[in-house]
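Comments concern the structure below.
Every read-out reported here was derived from the displayed coordinates using simple, explicitly stated rules and does not represent laboratory data. No experiment lies behind these values; they were computed from the predicted model shown. Note: ideal-geometry Cβ built from the backbone for every residue, glycine included; neighbour counts use all protein chains shown.
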Amino acid sequence: MENNVAEKVIDIIAREQHFQPGVVKLDSTFAELGIDSLDAVNILFALESEFKIDIPDAVAQNMRSVRQAVDSLTRVLEGKDVSDLVAMAKGGTQAAGG
Amino acid sequence: MRRVVITGMGVFASAGKDVESFFSNLVNARSAICRITQFDPSSLCVQIGAEVPDYKPADYFPLKRLDLLDRFAQFGLLAAREAVQSSGIEVRDEERPRFGVVMGSGMGGVGTFDGECFNLYAKKATRLHPFTIPKIMHNAATSQMCMEHGARGPSFSTSTACSSAGHAIGEAFHLIKFGIADVMLTGGSDAPITYGMVRCWESVRVLATGNSDPSRACRPFSADREGFVLGEGAGVLLLEELEHAKERGARIHAEIAGYGMTSDAGHITQPSVDGPARAMRMALEEAAVNPEEVDYINAHGTGTRLNDVTETQAIKEVFGGHARSLAISSTKSMHGHAMGATGAVELVATALAIERGVVLPTANYAAPDPECDLDYVPNAAREKPVRVAISNSFAFGGLNAVLLLRRV
């Protein structure tokens, strides 16, 4: 399942960022890819729509690399406990200052 | 007293995607009004609009950038690019805190909002796109222009329906005049031709319905007029303090010398004579110009009976006998009513009249109306020296903005 998810996540990130194929790798961080906090929210929206799930805000705030996105998503998909991610996200970044 | 001049102009609208094509279409009295193409208008009573023709956003913006740009912000950015480029200005880093942007928009990103509402209500979407807010907010065009041009000074947006651009430009003018800024990008942009918006406007019963002959649909001041035609686009001007412009040898199109703004405080949709008249007087007073010195008025001239008659009365009240020797035209007959952009597009037409000595016409004028009995420059442009001109914007809600230009 995880490989499948990883492939899909990479495709979605590439599509949303209008990247050429091959740019996004499992080990890329969002910072390396020039993905800012608002881009990240857009990617979350695309992931939620694609996988038909809700990603809790706290989990979302913990996604700062492709691998983190894949791991978090996998756990949400498998219905696993994500409370550690929620705890880690305290002090995480938000996309907007309102 | 600091003086303020126009040193750059940009138009991205139905009647032209740059100032030269805009002028060339209008000087030949060519109307840009067509059957609506952005969606299928078959089910509407009003199937016409003044759309930017053959517009493909990807010709102008990278896809990543477009994700965050509603059509109205795209238009603002495109007109601003021409204004900046034509001005030849290169703003230095230390000047940026005194370089700002003030843009007007009546409807903001209504197209994006319409689409997301459709997703929510009709398609029962459970989540909406996170870029919706940064795209639809009325200040999106202003902020995107600030970012593109590095304008870090006083910047905001205005929203006063059809007067949005008039107020924006007037406020930008004052920011320079009163020493708060030295260079301003200002104007208006709107993209209100959506299925929902046309339906809303239809229900007010102010739109012309000339579906069979769109180019003749808008006939301001003519006895057979039927109403206005929704338009879209943007106009942007680069304003500069006179000495700043002279120092860099800038080409000066005209001086902005007066700005009048009033409120009718009467009725939410019916214009008064008094509010517009006072706004015109206020602009004359600020510029210290006598009514007899004004050569040309670019009228609000929507083509509704209520506007055309009250505007004519207001002009008579302010200009007395001189009202009959003035040239007055409504270029909306050709570029439609671009809402929050219209005052900016029309101020470009007004500046061109001063710079080129050519008054653009009121197209489609067919029959004299006893209540509109002034010189509306019917159907053909006219060569005429223009030293002083005013541009009128009178909004739904009774908020009026008048700008006065003078030859330098």
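Taking every alpha-carbon pair within region B:234-292, the share separated by more than 18 Å comes to 56 percent. Annotation: aspartates and glutamates with alpha-carbon distance below 15 angstrom to B:LYS384 (same-chain offsets under eight excluded): B:GLU293, B:ASP295, B:GLU355, B:ASP375. Charge tally for B:HIS300 (other residues, Cβ to Cβ under 14 Å; Lys, Arg +1; Asp, Glu -1): -1. Taking each DSSP H run with n ≥ 4 as -39500 (n - 2.57) and averaging over every residue of chain B yields -9500 deg cm²/dmol at 222 nm.
The protection proxy used here, the mean number of other Cβ atoms lying within 10 Å of each residue, ranks peptides B:218-225, B:365-372, B:251-258 as follows, highest first: B:218-225, B:251-258, B:365-372. Close amide H contacts of B:VAL358 (hydrogens built in the peptide plane, cut-off under 5 Å, sequence separation of 5 or more or a different chain): B:LYS384.
Can you bin region B:258-406 into rounded, prolate or oblate? Criterion: square roots of the alpha carbon gyration tensor eigenvalues sorted a ≥ b ≥ c, rounded for a/c under 1.5, prolate for a/b above b/c, oblate for the rest. Judged from the Cα gyration tensor, region B:258-406 comes out rounded (a/c under 1.5). Between B:ASN139, B:ASN392, B:ASN25, find the one with the highest GNM mean-square fluctuation for chain B; connect C-alpha pairs within less than 10 Å. Among B:ASN139, B:ASN392, B:ASN25, the largest mean-square fluctuation in the Gaussian network model of chain B belongs to B:ASN25.
Here's how it looks for B:ARG219: its modeled amide H is under 5 Å from those of B:GLU226, B:GLY227, which are all 5 or more places away or on a different chain.
A protection proxy built from the mean count of other Cβ atoms within 10 Å ranks the segments B:346-352, A:25-31, B:383-389, B:172-178, most packed first, as B:346-352, B:172-178, B:383-389, A:25-31. Karplus-based coupling profile of region B:7-24, in residue order and whole Hz: 10, x, 9, x, 10, 9, 8, 4, 7, x, 9, 7, 4, 5, 6, 4, 5, 5, with θ = phi - 60° in 6.51 cos²θ - 1.76 cosθ + 1.60 and x standing for Gly or Pro.
Could you state, as a whole-number percent, how many of the C-alpha pairs of region B:4-247 are farther apart than 28 Å? The answer is 35 percent, as a whole percent. Phi-derived couplings, Karplus 6.51 cos²θ - 1.76 cosθ + 1.60 at θ = phi - 60°, listed residue by residue for region A:43-56: 5, 4, 4, 5, 5, 4, 5, 5, 8, 6, 9, 10, 9, x Hz, with x used for Gly and Pro.
For the peptides B:62-74, B:88-100, what is the packing order when you average, over each peptide's residues, the other Cβ atoms within 10 Å and list the highest mean first?
Put in order of decreasing packing, that is B:62-74, B:88-100.
Its Kirkwood hydrodynamic radius, worked out from the mean inverse distance over all distinct Cα pairs, puts the protein assembly as shown at 24.0 Å.
Calculated on the Cα set of region A:2-88, radius of gyration then Dmax: 11.8, 35 Å. Mean per-residue shielding of peptide B:174-184 is 0, counting Cβ atoms of other chains within 10 Å of each Cβ.
For B:ASP264, the residues whose amide H sits under 5 Å from its own are B:LEU399, B:ASN400, ignoring neighbours fewer than 5 places away on the same chain, with H placed 1.01 Å from N. In sequence order, region B:328-333 has phi-based couplings of 10, 9, 10, 6, 4, 4 Hz under the Karplus curve 6.51 cos²θ - 1.76 cosθ + 1.60, θ = phi - 60°, and Gly or Pro positions carry x. Straightening the chain between B:ASP373 and B:HIS322 buys 17.1 nm, computed as 0.36 nm per residue apart minus the Cα-Cα spacing.
A Förster distance of 35 Å, applied to the separation of the beta-carbon atoms of B:ILE133 and B:ALA288, puts the FRET efficiency at 0.20.
Return the equivalent ellipsoid semi-axes of chain B as a descending list in whole Å, where each equals the square root of 5 times an eigenvalue of the C-alpha gyration tensor. Spell out each step's value before the answer.
Details: eigenvalues 171, 152, 65 Å².
For chain B, the ellipsoid semi-axes come out as 29, 28, 18 Å.
Counting Lys and Arg as +1 and Asp and Glu as -1 over every other residue whose Cβ lies under 12 Å from the Cβ of A:ALA31, the net charge comes to -2. Legend: distances between Cα atoms for B:LYS17/B:LYS316; B:LYS56/B:LYS177; A:LYS8/B:LYS56; pairs beyond 32 Å are B:LYS17/B:LYS316; B:LYS56/B:LYS177. Net charge in the neighbourhood of B:VAL204 (other residues with Cβ under 14 Å of its Cβ; Lys, Arg +1, Asp, Glu -1) is +1.
The modelled label-to-label distance between B:LEU120 and B:ARG387, using points 7 Å beyond Cα along the C-beta direction, is 5.6 nm. Separation of region B:62-125 from region B:327-404 is 26 Å, based on Cα centroids.
Taking every DSSP beta bridge that has both residues in chain B, what percent is antiparallel when rounded to the nearest 5? Antiparallel: roughly 70 percent of the beta bridges in chain B. Shape annotation for region B:27-158: C-alpha extents along the principal axes are 54, 49, 28 Å, from largest to smallest.
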